[in-house]
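The values are calculated or read from the model by the stated rules, or taken from the named source; none is laboratory data. Since we're looking at a predicted model, the values are computed, not measured. A quick note on method: Cβ atoms are made from the backbone with ideal geometry, for glycine too, and the neighbour counts reach across all protein chains shown. Surface accessibility is based on the protein's heavy atoms, side chains included, excluding ligands, DNA and RNA. Shrake-Rupley method; radii C 1.70, N 1.55, O 1.52, S 1.80 Å.
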Amino acid sequence: MESDLQIPFEKGKTVACVLTRAAGKCSPVGIILAHGAGGDMQSGNLAHYAATFADAGFPCLRFTCKPTQLPYRVKACQAVMDGAAEVPGLDQVKAWIFAGHSMASLC
């Protein structure tokens, strides 16, 4: 099951996200997936990885952050990590793993 979300960011901006989770399953650990420079949350295998993690019971949040400036991307990653704790229905998630591809791995 996928849900589109907007997580608040700086100065009235939001970060577009998709939450993927399996009905009836929710691990106390969630996974946040980030794309590399030039990509988006649909790039490469991110959607496949999210579905695979969700099927195993791990709620998975992926997001798009288009600017390639590292300081901006780090702030966006932090906003998503902070915002993940506020997503309705995920109050049982106590810890988040952040995983990224290419430039997102630097966050």
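Could you please find all residues in the stretch 16-27 being surrounded by 12 or more Cβ atoms within 10 Å (Cβ to Cβ) and either hydroxyl-bearing (Ser, Thr, Tyr) or farther than 17 Å from Ala47 by Cβ (or both)? Give the steps one after another, and end with the answer.
Taking the stretch 16-27 first, the residues surrounded by 12 or more Cβ atoms within 10 Å (Cβ to Cβ) are 16-22, 25-27.
Correct list: Thr20, Lys25, Cys26, Ser27.
Considering each of Pro88, Pro71 in turn, give the residue that is at pLDDT 85 or above and open to solvent by 40 Å² or more (accessible area, probe 1.4 Å). Show your work before the answer.
Working: Pro71 fails: at pLDDT 85 or above.
Of Pro88, Pro71, the one residue that is at pLDDT 85 or above and open to solvent by 40 Å² or more (accessible area, probe 1.4 Å) is Pro88.
Scan the stretch 43-58 for residues that are surrounded by 21 or more Cβ atoms within 10 Å (Cβ to Cβ), at pLDDT 90 or above and in a helix (DSSP H, G or I) and jot them down.
Going residue by residue through the stretch 43-58, those that are surrounded by 21 or more Cβ atoms within 10 Å (Cβ to Cβ) are 46, 50, 53-54, 58.
From the residues that got through so far, the ones that are at pLDDT 90 or above too are 50, 53-54, 58.
Result: Ala50, Phe53, Ala54.
Conditions: (1) modelled with pLDDT of 90 or more; (2) touching a Gly at 6+ places or on another chain (Cβ under 6 Å). Lys25 meets all but one. Number of the miss?
For Lys25, the failing item is (1).
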